Amino acid sequence: MRTNVIKKWLSPSPFRTHISWYSTHVHHREVISAKNPAVNAFVHVSELSPSTANNLPLSGLSVAVKDNIATSRLPTTCSSAMLQNFTSPFDATVVKLLEQNGADIIGKTNCDEFGMGSLNIHSVHGPVKNPIGLSQAPAEERSAGGSSGGSAAAVAAGMCHAALGTDTGGSVRLPASYCGIVGLKPSYGLISRWGVVSYADSLDCVGILASDVDTTRRIFEHVTSYDSRDPTSALQEIRDKARRHTEEFFPFSQPPDRIINGLRIGIPQEYFPSEMSPAIIEHLRTLIALLKTQGATIVPVSLPSTSYALSSYYVLASAEASSNLARYDGVQYGSYVPPDPDTDLTKTSKVYARTRSLNFGEEVQKRILLGTYALSADAFDNYFLQARRVRQLVKNDFNRVFSMPNYFSDSINYVDENTSDDHPPVDVLLHPSAIRTAPLLTESPSASEGDTSLSSYVQDVLTVPASLGGLPALSIPMKVPQKDNDGKVQWPVGASIVGQWGTDDLILSVARAIETLQTQCQ
Amino acid sequence: MSLFASRVSLGRRSFYDLRTYQEDPRWPGWQVISRQKLFSESLTSNLDDSPNTHVSPFDAAYPGTLPVTLFLLDLPSGYQITNNTVSPVATNGELEIPVSDSSSIIVRIKQIQLEQVHTAKSTFDPRTSKSYIDLNRAGTGLMEIVSEPDIRSPEEAGTYVRTLQSILRAVGSSDGNMEQGSLRCDVNVSLNRKGDPPGTRCEIKNLNSVRFMMAAISLAVPQETRGFDENTFETFRLRSKEDAPDYRYMPDPNLGVLVLSEEKQQSLDVLLNVDNGVVHYFEQLCQAPSRNGQKRDPAVLLNWLTHELLGQLSARQETFSANPLSAEQFGELIDLVQERTITGTSGKLLLRYMLTSPSSRSLEKFATELELIALDSTSSLGSSASTELEGLCKAAIAALPSEVTAFRAGNKNSRGRADAAATRSLVEKLVLSKPV
């Protein structure tokens, strides 16, 4: 199916015109035709709409959309056999906003099935290949990261200006890090989830991937607004409160690089696990040194609950997934697989079991089972409730280190724990986005057992806490020398900037400053 | 409202009985727990049960019953949203219900909770072997009122439901129409010998009439008693640990915490205290003397008010504020029925006329014009009525050979004016004395 779509764009385009923004869109579709067979980033490509207005805020931008975000004109498969033939009758709010503002929705991108995975290898459409490795000589097949790997690869390969992803535990930031681009997971509740196929509702965020911070911000500004159809959408008054507070301390009118001057940057000591590659720590040191020269105050901080965050995340996310994915039973949704003739038809579960066993991939099944167990009466207290308590501890950790309160806190008895003066409060946190650079697809633990399959979860240590806290986090590529001392090609890796809830503008400004500084000292 | 599990209701419960044991000739010892569902406007099915684990006679007759393999067809999301554990709407209430003219009992209300009716309406066409699903009703709200095990007989259960129904109609929270599915009952019955702890519970779900419910209680218990020896024991052993359904409750992450400020709470209290006038109306009815100068029976008035007037208004999708009948008119209507100038059937018909085309005229004149005066009426108007009834009955019997058909035809000709008991005795007399 995919190749057919691509072929359509290989054929002489009827839309070739002299209008520049128009030809950009055509250009991107040509790049897709040329590169996608190898990269496998796109799973559906849209036909160019000739009626797109050219005077809107996002006119001229071609934006790819992850395949778990509903689009009425293209299928929404979530990279699952279950939804292989599914086309949503409506557009997600975020898609509608993009189109209303003139963006060209260029296609749907590959991802891990229902957003579950870190390497984009659990997909009915096949794995995504990191475009950086493909352009090397000799070519290397490396992971683009996941679960929004298709979105990251599409941007990195120049197939579009920007892409929407979803980030439940790092699914935007990790692929951004592996592919050397910018990836923003905004504060929870800022971008509507209406039309985003739920994996874990309390963690799911729509994220933005682009090759630079300005494009990321441009898209972000036009898709963040209150949406009554998303019950978790942040109310305007809360957005305003956070914004006013941020602006009071960080006037954005000043030149972008000036924001670093006097900025208090916390370095969380728990974010350097033993598995982290030493080269990455070096890159971060270089970045920290650069920021210091610009007047930033570097503050070592401790977020003691971090080590439990990963377990908490997998229990909560799986529990929510087991409930959210219950609807795919082959009756209302999903491709129905008739039971074997000798199936005991008096057991309803057997009929569903067959459809679900054949249509869900291994990783999804694993998480549904884990979640189902965590919610069972016997395990509920020890797993689910315990995980919620840990999540609160993680949130408390963040609230303790940030100078600004969390205006989105859903706790009625919210206690401002800033009183602790172990550390003076910080404005943002900075840490590596990943423990390593993009792994080879051959070392992916797709079929292997034991150690390797667990190591793919260790990576999430760095990204999951911000998800549990609902905080904005942005991964920006760190300056990495082209080749290391041995002459080997150096792969990109990102640094993550994490802020208090609602400080998305601040972290975008900090990221913009870092981007500028890194370019200047080249 | 994001909520947790009611493991309470699945687990152990202590046997509570403050009431003196009363001999019931049908079988020794009663315990009834009534779990009653209330729909804002829609039908629901119960999906949390494994198919065929507790089938009642009524389940089999329930329309839309599907082959077991398709039992969860109508639950689109695969889960249901409820607030039954963390913060039910209300807890620890009680309802006083009359058990005889002079005495009443207290039925404790454990809690009132809201649930999402997530189920669709499904129908099975046996001819084409296809199931059809109508999602119109999926997602509407449902209020569940859970009582404690304080009810001891089918009659008490019936009174309990009727009393609740009246209250719900009076406060306007439900139209209470059981036949339309707006109100349904889930009944838990457990049986024990005198002095023994309560036996295993049997749950009968989705009962949509008080009469069915009472019959179900009477029928279900001995059946299961028999079942206790046999394999069926397993079938009904709902609450044992290994069979307990594991609902896998989870706080819905999409529903946040609802914070009510003091201010807001007060405005809500004000709303709750608004009386739509029905209480005052009832008092007017009670205080005015009847047509023949006697004191009206409040129980009869209440019955007519809640079941007929409020019932017909809700069937017309109107609230009490739209009631066009003055208390005088409605009182006169009830008096006419009470003194048997018109039959109950005619009274209801007259009420419907009055609601459709309101008028300030005397009800009795209206009844006469509509030829609704009872045929065997002994009131001042009824001098020739008895002979008219006899004539009608004779004609009916002569016209049709079969007694049964004759009965029906007789009733049709009289357009509901015939008093059922009088007609029966008269027809019987005629049939016996003069063979046709």
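The values are calculated or read from the model by the stated rules, or taken from the named source; none is laboratory data. This is a predicted model, so every value here is computed, not measured. Don't worry about glycine lacking a Cβ; one is built from the backbone with ideal geometry, like all the others, and counts go over all protein chains shown. For the accessible areas, the whole protein counts, side chains as well, though only heavy atoms, and no ligand, DNA or RNA atoms are used. Shrake-Rupley method; radii C 1.70, N 1.55, O 1.52, S 1.80 Å.
Checking A:Leu290 against (1) of a type outside the set (Gly, Ala, Ser); (2) under 24 Å from the mean Cα position of the chain (by Cα); (3) away from chain B (no Cβ under 14 Å), which single condition isn't satisfied?
Failing condition for A:Leu290: (2).
Take segment A:34-43 and flag every residue that is small (Gly, Ala, Ser) and open to solvent by less than 10 Å² (accessible area, probe 1.4 Å).
A:Ala41, the sole residue that qualifies.
Residue under question is A:Ser453, and the condition is that it be modelled with pLDDT under 95 and among the small types (Gly, Ala, Ser); does it hold?
Yes.
Look through B:Arg340, B:Arg352 and report the one residue that is modelled with pLDDT of 85 or more, basic (Lys, Arg) and part of a helix (DSSP H, G or I).
Only one candidate qualifies: B:Arg352.
For segment A:146-160, check the following and say yes or no: at least one residue is modelled with pLDDT under 95 and surrounded by 24 or more Cβ atoms within 10 Å (Cβ to Cβ).
Looking for residues that are modelled with pLDDT under 95 and surrounded by 24 or more Cβ atoms within 10 Å (Cβ to Cβ), one finds at least one in segment A:146-160, hence yes.
Please go through (1) at pLDDT 95 or above; (2) among the aromatic types (Phe, Trp, Tyr); (3) open to solvent by 10 Å² or more (accessible area, probe 1.4 Å) for A:Tyr178 and return the number of the only condition it doesn't satisfy.
Of everything listed in (1) at pLDDT 95 or above; (2) among the aromatic types (Phe, Trp, Tyr); (3) open to solvent by 10 Å² or more (accessible area, probe 1.4 Å), A:Tyr178 misses just condition (3).
What's the number of the condition A:Gly334 fails, among (1) within 30 Å of A:Cys111 (Cα to Cα); (2) part of a helix (DSSP H, G or I); (3) more than 10 Å from chain B (Cβ to nearest Cβ)?
Status for A:Gly334: all satisfied but (2).
When you scan segment B:355-376, how many residues do you find that are open to solvent by 60 Å² or more (accessible area, probe 1.4 Å) and in contact (Cβ under 8 Å) with a residue 24 or more places away in the chain?
Final tally of qualifying residues: 3.
Do you know which residues across segment B:78-114 are farther than 29 Å from B:Ser153 by Cβ and in a strand (DSSP E or B)?
B:Thr82, B:Leu114
Would segment A:222-236 turn up any residue that is in contact with a Pro (Cβ under 8 Å, 6 or more places away or on another chain) and not β-branched (Val, Ile, Thr)?
Within segment A:222-236, one or more residues are in contact with a Pro (Cβ under 8 Å, 6 or more places away or on another chain) and not β-branched (Val, Ile, Thr).
Could we say that A:Pro231 is within 14 Å of chain B (Cβ to nearest Cβ) and either open to solvent by 10 Å² or more (accessible area, probe 1.4 Å) or small (Gly, Ala, Ser) (or both) here?
Yes: the conditions hold for A:Pro231.
Just to be sure before I move on: is A:Arg218 crowded, with 24+ Cβ neighbours inside 10 Å, of a type in the set (D, E, K, R) and not in a strand (DSSP E or B) in the structure I sent?
Answer is no for this residue.
Within the bounds of segment B:129-150, is there any residue that is at pLDDT below 80, of a type in the set (S, T, N, Q) and open to solvent by less than 20 Å² (accessible area, probe 1.4 Å)?
no
Are any residues in segment A:372-408 among the hydroxyl-bearing types (Ser, Thr, Tyr) and either away from every other protein chain (no Cβ under 13 Å) or crowded, with 18+ Cβ neighbours inside 10 Å (or both), and if so, which ones?
A:Thr372, A:Tyr373, A:Tyr383, A:Ser403, A:Tyr407
So which strands (runs of 3 or more DSSP E) are wholly in segment A:100-206 and hold at least 3 residues that are of a type in the set (D, E, K, R) and over 10 Å from the mean Cα position of the chain (by Cα)?
none
Only one residue in A:Ala326, A:Ala279, A:Ala309, A:Ala321 is in a helix (DSSP H, G or I), touching a Lys or Arg at 6+ places or on another chain (Cβ under 6 Å) and of a type in the set (A, V, I, L, M, F, W, C), so which one is that?
A:Ala321
Across segment B:185-208, which residue is modelled with the highest pLDDT among those that are within 15 Å of B:Glu144 (Cα to Cα) and open to solvent by 10 Å² or more (accessible area, probe 1.4 Å)?
The selected residue is B:Asn208.
Every residue in segment A:273-297 that is over 16 Å from A:Pro477 (Cα atoms), touching a residue at least 60 places away in the same chain (Cβ under 8 Å) and buried (at least 16 other Cβ atoms within 10 Å of the Cβ), please.
Once the filter is applied, which keeps residues that are over 16 Å from A:Pro477 (Cα atoms), touching a residue at least 60 places away in the same chain (Cβ under 8 Å) and buried (at least 16 other Cβ atoms within 10 Å of the Cβ), segment A:273-297 yields A:Met276, A:Gln294.
Answer yes if at least one residue in segment A:432-446 is at pLDDT below 95, more than 14 Å from chain B (Cβ to nearest Cβ), part of a helix (DSSP H, G or I) and in contact with a strand residue (DSSP E or B) (Cβ under 7 Å, 6 or more places away or on another chain), and no otherwise.
yes
Please specify each residue of segment A:344-371 satisfying the condition of being within 9 Å of chain B (Cβ to nearest Cβ) and outside any helix (DSSP H, G or I).
A:Leu345, A:Thr346, A:Lys347
Could you grab the pairs with beta carbons closer than 8 Å, sequence gap of 6+ or different chains, first residue in segment B:167-182 and of a type in the set (Ser, Thr, Tyr), second one open to solvent by 30 Å² or more (accessible area, probe 1.4 Å) and assigned to a loop (DSSP other than H, G, I, E, B)?
Filtered contacts from segment B:167-182: B:Ser174/B:Ser40; B:Ser182/B:Ser40; B:Ser182/B:Glu41; B:Ser182/B:Asp175.
Pick from segment A:409-431 the residues that are open to solvent by less than 50 Å² (accessible area, probe 1.4 Å) and within 14 Å of another protein chain (Cβ to nearest Cβ): which of them is modelled with the lowest pLDDT?
Once the filter is applied, the top-ranked residue is A:Ser411.
Which of the numbered conditions does A:Ala137 fail, given that it passes all the others? Conditions: (1) at pLDDT 90 or above; (2) closer than 28 Å to A:Trp491 by Cα.
The single condition A:Ala137 does not satisfy is (1).
State all residues of segment A:301-326 that are small (Gly, Ala, Ser), open to solvent by 20 Å² or more (accessible area, probe 1.4 Å) and closer than 18 Å to A:Leu430 by Cα; if no residue qualifies, say none.
A:Ser302, A:Ser307
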